[in-house]
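Here's the structure we're looking at; comments come further down.
The values are calculated or read from the model by the stated rules, or taken from the named source; none is laboratory data. Quick caveat: nothing in here was measured; it's all calculated off a predicted structure. Please note: Cβ atoms are built from the backbone with ideal geometry, for glycine as well, and neighbour counts cover all protein chains shown. Surface areas here come from the heavy atoms of the whole protein model, side chains and all, with no ligands, DNA or RNA. Shrake-Rupley method; radii C 1.70, N 1.55, O 1.52, S 1.80 Å.
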Amino acid sequence: MVPPDRIIPVAEQTGVIQKLTHWVLETALQQQLRWRKAGSDIIVAVNLSTHDLLDASLPDTVSELLAETATPPDKLTLEITESAMMSDPETALRVLTRLHEMGVTLSIDDFGTGYSSLAYLQKLPVSELKIDRSFVQHMADRPQDRKIVRSIIDLAHNLDMRVVAEGIEDERSLDMLVSMGCDYGQGFYIARPMPAAQLKGWLQQAPWRKPAA
């Protein structure tokens, strides 16, 4: 098995990252369609690279794939990093604005580790911030990390954004995040990566699963 952090740099250097992104988007949306037909109407998230944000045709590609799979735009989240946006802010903003106007949810991944600019953040059409795992992983034992996490949550909520905490690996951290008002979380304590076929069973058994309205 080759992890993404080894595959993606090679794909970017060899110029095939757009093809890889297209494949991932298509695969994710086809899987989301199968889940939807099986009664699990869930959101799928796909990471974008720096090169993707500089591709003016990306919104058209996303629009075509959404139409092919009859996926409502708000059921797709595209995750971007601060550093990716800063490589060419004007082009990235144009691409992101088009995606936002389509109704796709945009999320800033690994927030707090890149070139954080509050002035630029205010201009971006994003709906979600993901707190980097480096702040979450040890927050139960590190007061400074807890202060940073709380500050990011407050900042995001004041900007009308949702917050996702990455790297939740123990119950204490999860409880602290809940008490801080964090909206969503991900990490090995919640679930490790699993084949798509196993997700439905996990969703039914998860102890923190919210009851249907």
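Among ARG98, ARG146, which is open to solvent by 10 Å² or more (accessible area, probe 1.4 Å), closer than 28 Å to ASP60 by Cα, modelled with pLDDT of 95 or more and not in a loop (DSSP other than H, G, I, E, B)?
Within the list ARG98, ARG146, the selection yields ARG98.
Within the range 30-49, take every residue that is open to solvent by less than 70 Å² (accessible area, probe 1.4 Å) and within 15 Å of the chain's Cα centre (by Cα) and give me the one that is nearest to TRP202 (Cα to Cα).
ILE42
Here is a yes/no grid of residues against (1) more than 15 Å from MET161 (Cβ to Cβ); (2) open to solvent by 50 Å² or more (accessible area, probe 1.4 Å); (3) among the aromatic types (Phe, Trp, Tyr); (4) touching a Ser or Thr at 6+ places or on another chain (Cβ under 9 Å):
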{"site": "LEU53", "(1), (2), (3), (4)": "yes, no, no, yes"}
{"site": "SER63", "(1), (2), (3), (4)": "yes, yes, no, no"}
{"site": "ALA84", "(1), (2), (3), (4)": "yes, no, no, yes"}
{"site": "THR91", "(1), (2), (3), (4)": "yes, no, no, no"}
{"site": "THR113", "(1), (2), (3), (4)": "yes, yes, no, yes"}
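Conditions (1) closer than 27 Å to GLY185 by Cβ; (2) touching a His at 6+ places or on another chain (Cβ under 7 Å), marked per residue:
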position: ARG6; (1), (2): yes, no
position: GLY15; (1), (2): no, no
position: GLN18; (1), (2): no, yes
position: VAL24; (1), (2): yes, no
position: THR27; (1), (2): yes, no
position: LYS37; (1), (2): no, no
position: SER57; (1), (2): no, no
position: GLU68; (1), (2): no, no
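So which pairs qualify, if the first residue must be in the range 132-161 and within 19 Å of LEU121 (Cβ to Cβ), the second must be open to solvent by 70 Å² or more (accessible area, probe 1.4 Å), the Cβ gap must be under 6 Å, and the two must be at least 6 apart or on different chains?
Filtered contacts from the range 132-161: ASP132/THR113.
Whether any residue in the range 70-81 is over 23 Å from ALA197 (Cα atoms), part of a loop (DSSP other than H, G, I, E, B) and of a type outside the set (Lys, Arg) is what I want to check.
No, the range 70-81 has no match at all.
Just to verify a result, which residue in the range 177-204, among those that are modelled with pLDDT under 90 and polar (S, T, N, Q), is most open to solvent (accessible area, probe 1.4 Å)?
GLN204
Look at GLU12 and say whether it is surrounded by fewer than 18 Cβ atoms within 10 Å (Cβ to Cβ) and without any contact (Cβ under 8 Å) to a residue 12 or more places away in the chain.
No: the conditions fail for GLU12.
Scanning the range 115-143 for residues that are of a type in the set (Lys, Arg) and part of a helix (DSSP H, G or I), which turns out most open to solvent (accessible area, probe 1.4 Å)?
Checked the range 115-143; the qualifying residue most open to solvent (accessible area, probe 1.4 Å) is LYS123.
Conditions (1) open to solvent by 100 Å² or more (accessible area, probe 1.4 Å); (2) modelled with pLDDT of 95 or more; (3) touching a helix residue (DSSP H, G or I) at 6+ places or on another chain (Cβ under 8 Å); (4) more than 13 Å from GLN137 (Cα to Cα), marked per residue:
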site	(1), (2), (3), (4)
HIS157	no, yes, no, yes
ASP160	yes, no, no, yes
PRO207	yes, no, no, yes
ALA212	no, no, no, yes
